[in-house]
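Visitor: What follows is a single structure, and I will ask about it in a moment.
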Amino acid sequence: MSGTRHIPTAGPCIIAANHLSFSDHVFISLATRRPVVFIGKAERLAGGGLKGRLGAAFFRAIEIVPVERDGGRRATAALDAARSVLDEGRIFGIHPEGTRSPDGRVHKGRTGVGFLALATGVPVVPCGLAGTDRVQPLGSTMPRPARFAMRFGAPMTFTGSETDPRLRRTVTDQIMHEIQRLSGLDYVDRYGSVDKTAPVETSTRIGG
């Protein structure tokens with residue numbers, strides 16, 4: 001692990017990371033000295049039975065904000081929740097790819113991170129992960145011992161209108177370039193596919 005000095009000790013910021021493992025948000029939260037809030041699917045915090053209650057308690061403990069799965073309104077709800085976190089001066093964590101990588105590479109990012117960076121003006125701290133998919137591979141419900149790398153880069157700030165779709169794409173691509181560089185993984189200029197057989201994500205897609 002390296003570069004944690006780049007994470008501000010106070011005030012709002014966005015931590016943007018690639019996504020290889022169900023446990024990525026846990027590793028990122030443990031690496032910082034401040035709570036990191038992620039967006040999660042509401043059903044993960046409303047499970048029934050003992051297992052469901054324990055899972056919901058775990059997600060609440062690691063600062064997962066629930067968002068309902070409600071068609072196109074889900075992205076808007078996620079952006080609103082993210083802005084509320086940042087308005088409170090906290091750290092918001094996001095995986096711009098929107099889903100875990102199906103092949104261990106870094107995939108094209110969705111532009112919600114560009115929207116947030118432009119709309120709020122807060123710094124974006126890129127984070128490159130490598131090897132966390134060995135800790136908890138796709139389809140696995142339990143982590144296993146394995147070495148992995150986590151590198152944080154210098155904060156990035158952006159100015160301009162969040163209503164400009166081309167600017168949102170440009171900003172997102174710049175952030176993804178830094179994430180790819182820090183991770184040392186190959187980059188694929190297309191969105192990652194969703195593995196229907198894998199455990200349910202805690203991340204929610206933000207942006208297109």
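The values are calculated or read from the model by the stated rules, or taken from the named source; none is laboratory data. All of these numbers come straight from a predicted model, not from anything done at the bench. Every residue, glycine as well, gets a Cβ built from its backbone with ideal geometry; the counts of neighbours run over all protein chains shown. In case anyone asks, the SASA skips ligands and DNA or RNA and just uses the protein heavy atoms, side chains included. Shrake-Rupley method; radii C 1.70, N 1.55, O 1.52, S 1.80 Å.
Visitor: Tally time: how many residues in region 123-153 are among the β-branched types (Val, Ile, Thr) and at pLDDT 95 or above?
Guide: The number of residues fulfilling the criteria is 2.
Visitor: Please tell me if Thr120 is at pLDDT below 90, in contact with a helix residue (DSSP H, G or I) (Cβ under 6 Å, 6 or more places away or on another chain) and among the β-branched types (Val, Ile, Thr).
Guide: When the stated conditions are applied, Thr120 does not pass them.
Visitor: Still on this model: Gly153 passes all but one of (1) out of contact with any strand residue (DSSP E or B) (no Cβ under 7 Å at 6 or more places or on another chain); (2) open to solvent by less than 60 Å² (accessible area, probe 1.4 Å); (3) in contact (Cβ under 8 Å) with a residue 40 or more places away in the chain; which number fails?
Guide: (1)
Visitor: Moving on. Within region 1-29, which residues are more than 14 Å from the chain's Cα centre (by Cα), open to solvent by 30 Å² or more (accessible area, probe 1.4 Å) and of a type in the set (A, V, I, L, M, F, W, C)?
Guide: Hits for region 1-29 are Met1, Ala10.
Visitor: Here's something else I'd like to know. Can you report the number of residues in region 100-122 which are crowded, with 19+ Cβ neighbours inside 10 Å and either out of contact with any Lys or Arg (no Cβ under 6 Å at 6 or more places or on another chain) or not β-branched (Val, Ile, Thr) (or both)?
Guide: 15
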